[in-house]
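The values are calculated or read from the model by the stated rules, or taken from the named source; none is laboratory data. Just so it is clear, the structure is predicted and the values come from calculations on it, not from any experiment. Cβ coordinates were reconstructed from backbone atoms using ideal geometry, including for glycine residues, and neighbour counts include every protein chain displayed. Heavy atoms of the whole protein, side chains included, go into the accessibility calculation; ligands, DNA and RNA do not. Shrake-Rupley method; radii C 1.70, N 1.55, O 1.52, S 1.80 Å.
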Amino acid sequence: MTGRLDRIGLLAVPALGFLAAIYALPLAMLLAKSVQTAEGFSLAEYRAFFADDYNIRVLARTLRVAALTTLLAFVIAYPTAFAMSRAKGIWLTVFLVALVLPMSLGVVVKAFAWSILFRANGVLNSILMGIGMTERPVRMLFTETALIVGAANVFLPFMVLPIYSVVRQLDTRLPEAAASLGATPWFRFTRVTLPLTLPGVVAGSAFVFSMSVSMYVIPSLIVGERQQNLSMLIARSFLYLRNEALGSTIAAILLAIAIAVVLLSGWLATRLGARR
């Protein structure tokens, strides 16, 4: 039996070799570049990055935008997931199509569409001036708010689907039982519904935050070079400054953030699973 399992395991060797050559080796070379100097191993690039106030501001902005994008996506996705769980027939199909169909479009298309909406002569400003809410165009494009709204829209399906997969498995009798015992709607939500749906919330938040913290195309089209994030700083280091060591260092920091998010979400999922 053991020999058979060993032979089956050999079937994975080509795939593992491919992944190692395509992903692991370039990643190892990138990380090595961040600690490699003419004198040998050194953390000078990391010290220089964290000693620069501009880099710290970019790092803080990146984390803030990712956190606010995740929060906005959660606020929209949570009631949407419940509406989908209660929809049946054609309405469920409409929900799923409206949610999944935009995922077939490229990120560039969706980000560029938002940049058109946020323009001074765009649809949003035309509506605001048409109903008399403002006399002149409101500056929307090239703002952090526009970036958060656009990013939340692009990443929304990755928040809705994990929550929906958990919500549809909930026993609807539990809130009813709590209500029969005199629990208020707020108590039923905070003590019954929300704790049971937290695994989906954690998974969706991990997806959205990881993608938001590393996005490049969306901020490039919506805010441009005025408000850079870590991904844009990496591109500038490699493409314009020709500073591979700095670009590798920032990439390693971004990778560390992504790994931390995955580990934290896994730990939270384990804790929540143990409590259920």
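Within segment 20-32, track down each residue that is open to solvent by 80 Å² or more (accessible area, probe 1.4 Å) and within 14 Å of Glu244 (Cα to Cα).
Met29
List the residue pairs whose Cβ atoms are under 6 Å apart, where the first residue sits in segment 109-133 and is farther than 26 Å from Phe155 by Cβ and in the same structural domain as Thr145 (by TED's automatic domain parsing), the second is among the polar types (S, T, N, Q) and open to solvent by 80 Å² or more (accessible area, probe 1.4 Å), and the two are 6 or more positions apart or on different chains.
If the second residue must be among the polar types (S, T, N, Q) and open to solvent by 80 Å² or more (accessible area, probe 1.4 Å), no pairs are left.
Listed here are the residues, each with its yes/no results for (1) in contact with a Gly (Cβ under 9 Å, 6 or more places away or on another chain); (2) small (Gly, Ala, Ser); (3) over 30 Å from Leu254 (Cβ atoms).
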| position | (1), (2), (3) |
| --- | --- |
| Arg173 | no, no, yes |
| Ser180 | no, yes, yes |
| Pro185 | no, no, yes |
| Leu194 | no, no, yes |
| Gly204 | no, yes, no |
| Met211 | no, no, no |
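Residues that are among the charged types (D, E, K, R) and over 22 Å from the mean Cα position of the chain (by Cα): does segment 221-231 have at least one?
no
Checking the condition modelled with pLDDT under 90, open to solvent by 50 Å² or more (accessible area, probe 1.4 Å) and in contact with a Phe, Trp or Tyr (Cβ under 7 Å, 6 or more places away or on another chain), which residue from Leu101, Leu96, Leu124 passes?
Going through Leu101, Leu96, Leu124 in turn, the sole match is Leu124.
Checking Val138 against (1) touching a residue at least 24 places away in the same chain (Cβ under 8 Å); (2) open to solvent by 20 Å² or more (accessible area, probe 1.4 Å); (3) more than 22 Å from Leu194 (Cα to Cα), which test does it fail?
Result: Val138 fails condition (1) only.
Considering only helices (runs of 4 or more DSSP H) fully contained in segment 1-107, which possess at least 3 residues that are assigned by TED's automatic domain parsing to the domain that holds Ala245 and over 26 Å from Leu170 (Cβ atoms)?
Of the helices (runs of 4 or more DSSP H) lying wholly inside segment 1-107, those with at least 3 residues that are assigned by TED's automatic domain parsing to the domain that holds Ala245 and over 26 Å from Leu170 (Cβ atoms) span 44-51, 53-86.
Of all residues being among the β-branched types (Val, Ile, Thr) and more than 27 Å from the chain's Cα centre (by Cα) in segment 33-58, which is most open to solvent (accessible area, probe 1.4 Å)? Just the residue, please.
Filtering first and then ranking leaves Thr37.
So, of the residues in segment 104-121 that are aliphatic (A, V, I, L, M) and open to solvent by 30 Å² or more (accessible area, probe 1.4 Å), which turns out to be farthest from Met215 (Cα to Cα)?
Step by step, filter segment 104-121, then rank; the result is Ala120.
Taking Ala179 as the residue in question, decide whether it is assigned by TED's automatic domain parsing to the domain that holds Ala113 and in contact with a Pro (Cβ under 7 Å, 6 or more places away or on another chain).
So Ala179 does not fit the description; no.
Check whether at least one residue in segment 165-174 is open to solvent by 40 Å² or more (accessible area, probe 1.4 Å) and in contact with a Pro (Cβ under 8 Å, 6 or more places away or on another chain), and report yes or no.
Within segment 165-174 (the criterion being open to solvent by 40 Å² or more (accessible area, probe 1.4 Å) and in contact with a Pro (Cβ under 8 Å, 6 or more places away or on another chain)), the answer is no, since none of the residues qualifies.
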